[in-house]
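A short write-up of the structure that comes next.
The values are calculated or read from the model by the stated rules, or taken from the named source; none is laboratory data. Just so you know, these numbers come straight off a predicted model, no measurement behind them. Ligands, DNA and RNA are excluded from the accessible area calculation, which covers all protein heavy atoms including side chains. Shrake-Rupley method; radii C 1.70, N 1.55, O 1.52, S 1.80 Å.
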Amino acid sequence: EVAKLAMPADAISDSEKFVTLKKVEMLAALSDAELWELADAGRWARVERGWAPVELSASAVPEVAIEWVAANPHAARVIDVRAADELVGPLGHIPSVEHVPLESVGRTALSWDRNTPIVVVCRSGGRSGKAALELASLGFVRVASMRGGMSRWNEARLPVEGKNASTAHAGDRA
């Protein structure tokens, strides 16, 4: 499913489904260089590498480290894709973050400049990874998920706003 999100919509025909499933199974075994080679070959949505120290996860999600986001607060547009209640929950949110819930990212992004660097954030990286892949499939070339999400951001004791320790934890949302 992750590979389908990263691939252009017209890249998967009925006859390619078996091959696509095999590719998904093999992604975890590929090195970062091999994943970039696949991305550069155009089978997955293209993501530019030079704008930030972007690495591809085992599931081909472009990611940046929290340390880079913290050290470069104006280098990218930071989009938090969590539910509104999570931004004021126990993890808070990164100062000056833009809130765009995951379910509206594709629709909202239609008006954004596709060359503007974007870092997508969620609780732990799952939803932001989906959003990063969706944005890449829409033609955004400078996009990445923040590895580890707000959980890792808080562990590193980086600045947050809206943090409310009395708010119930958001559960197992990724």
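Return one whole number: the accessible area per residue of segment 89-150 in Å², for a 1.4 Å probe.
On the way: 2170 Å² over 62 residues.
Computed with neighbouring chains in place, this is 35 Å² per residue.
For segment 97-110, in order, what is each residue's ³J(HN,Hα) by Karplus, 6.51 cos²θ - 1.76 cosθ + 1.60 with θ = phi - 60°, in whole Hz (x at glycine and Pro)?
Listing the rounded values in order: 5, 9, 9, 9, x, 3, 5, 10, 4, x, 5, 5, 5, 4 Hz.
As a test question: what accessible area, to the nearest 10 Å², does T108 have when a 1.4 Å probe is rolled over all protein chains in place?
50
Mind computing the radius of gyration and Dmax over the alpha-carbon atoms of segment 73-174? Å is fine for both.
Spelled out, the Cα radius of gyration and Dmax of segment 73-174 are 12.9, 40 Å.
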